[in-house]
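Okay, structure first, notes after.
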DNA sequence: CAGAAAATGATATATTATAACATTTCATCA
DNA sequence: TGATGAAATGTTATAATATATCATTTTCTG
Ligand SMILES: [Zn+2]
Ligand SMILES: [Zn+2]
Ligand SMILES: [Zn+2]
Ligand SMILES: [Zn+2]
């Protein structure tokens with residue numbers, strides 16, 4: 001069993017760093033501006049492996065001394081999600097940083113209801129099953145939402 | 001190709017009728033009260049093959065002359081979703097009547113972004129792919145959300 | 001540097017959802 | 001049958017999530 005969730009006590013600073021580096025690259029290649037605000041929001045999202053709500057981000061920015069209003073946060077989130085740097089978790093109204101923003105994918109999200117952590121899978125079995133089901137009913141896919149709630153391995157066994 | 005979506009111009013009254021009959025049965029077998037309010041909300045949801053928001057239901061009830069507040073609607077929705085008579089579509093914040101409330105299932109929802117119709121599939125390929133993926137990462141499933149947005153066959157071809 | 005485009009600031013408001021307590025309805029059984 | 005407790009609904013207030021609109025600032029381009 002390969003655990004999709006990060007090990008407890010892993011070097012999380014490296015996650016943040018590498019996510020930032022990837023984000024820079026993506027923005028660069030898309031000629032998109034990775035502004036201060038966008039970087040801040042992106043970094044805040046990566047401060048945990050949980051999904052973060054817009055208002056949690058707002059509070060965090062406020063705590064940092066910024067005077068920020070909701071539209072500012074939502075604009076940053078819109079930018080980040082459109083570039084694929086961040087995904088929206090529909091069933092949580094919350095946002096989650098993407099591991100692999102450099103390649104197109106249909107992601108699936110495992111959400112632990114105990115510890116709150118989220119893990120993104122890019123599982124071809126699931127994607128293919130969805131695509132095949134769509135094809136079989138003549139449906140043209142534009143976007144998919146696959147969110148799986150339950151207990152991560154750590155929480156199930158401890 | 002079997003179309004999951006109902007034919008245009010089908011006898012929709014029959015859908016509503018049969019849904020009501022099924023709902024009665026389910027409530028009966030669960031010793032749950034299918035009260036006036038719950039029946040009204042359920043019927044309103046079945047007035048279309050689209051997903052309906054809580055406030056659309058509120059407006060519809062108001063139009064019918066009832067003086068109804070949000071908690072009333074949300075309570076009815078909670079009751080109906082807990083019994084499996086209605087499903088919540090997370091990506092729309094809206095509710096959709098279930099075809100087969102009598103059997104446990106992991107449903108998948110096709111949502112047409114053109115005509116707004118929703119169709120529920122109970123596709124074992126998809127369910128199994130999700131279960132298998134969860135098992136492979138040691139994840140214990142509690143609930144799944146699978147929502148597929150795109151064009152239904154009618155809308156794609158016309 | 002001027003002018004246009006993009007991003008952010010600021011204010012207001014829309015939409016979705018729940019908390020808390022009062023009242024009514026309904027099943028149960030003394 | 002009618003007292004009684006549980007379930008359902010009514011009522012009021014407010015929380016949580018999200019967007020519209022216009023003003024200002026920043027950045028890009030020529
Ligand atoms: Zn980490
Ligand atoms: Zn967990
Ligand atoms: Zn119908
Ligand atoms: Zn359609």
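The values are calculated or read from the model by the stated rules, or taken from the named source; none is laboratory data. Treat the numbers as computed from the prediction; the structure is a model and nothing was measured. As a convention, Cβ positions derive from the backbone with ideal geometry for all residues, glycine included, and neighbour counts pool all protein chains shown.
The criterion of at least 3 residues that are more than 14 Å from the chain's Cα centre (by Cα) and more than 16 Å from DNA strand C (Cβ to nearest atom) is met by none of the strands (runs of 3 or more DSSP E) wholly inside segment B:70-125.
Within the set A:19, A:60, the sole residue that is surrounded by 15 or more Cβ atoms within 10 Å (Cβ to Cβ) and within 16 Å of ligand 1 (Cβ to nearest atom) turns out to be A:19. Scanning segment B:67-89 turns up one or more residues that are at pLDDT 95 or above, under 23 Å from residue A:130 (Cα atoms), within 14 Å of another protein chain (Cβ to nearest Cβ) and more than 16 Å from ligand 4 (Cβ to nearest atom). Taking the stated definitions as given, is residue B:29 closer than 24 Å to residue B:122 by Cβ, away from ligand 4 (no atom under 16 Å from the Cβ) and modelled with pLDDT of 95 or more? In short, no. Does residue B:29 count as within 16 Å of ligand 3 (Cβ to nearest atom), more than 22 Å from residue B:154 (Cα to Cα), away from chain A (no Cβ under 14 Å) and loosely packed, with under 13 Cβ neighbours inside 10 Å? So residue B:29 fails the test.
For segment A:1-23, name all the residues that are in contact (Cβ under 8 Å) with a residue 40 or more places away in the chain and not in a loop (DSSP other than H, G, I, E, B).
Matches in segment A:1-23: A:19, A:22, A:23.
Which is crowded, with 21+ Cβ neighbours inside 10 Å, within 12 Å of chain A (Cβ to nearest Cβ) and under 22 Å from residue A:129 (Cα atoms), of B:118, B:122?
Values: B:122 fails: crowded, with 21+ Cβ neighbours inside 10 Å.
Of the residues listed, the single one that is crowded, with 21+ Cβ neighbours inside 10 Å, within 12 Å of chain A (Cβ to nearest Cβ) and under 22 Å from residue A:129 (Cα atoms) is B:118.
Take the conditions outside any loop (DSSP other than H, G, I, E, B), within 14 Å of chain B (Cβ to nearest Cβ), out of contact with any strand residue (DSSP E or B) (no Cβ under 6 Å at 6 or more places or on another chain) and away from DNA strand C (no atom under 11 Å from the Cβ) and apply them to residue A:129. Does it pass? Yes; evaluated as a whole, the condition is true for this residue.
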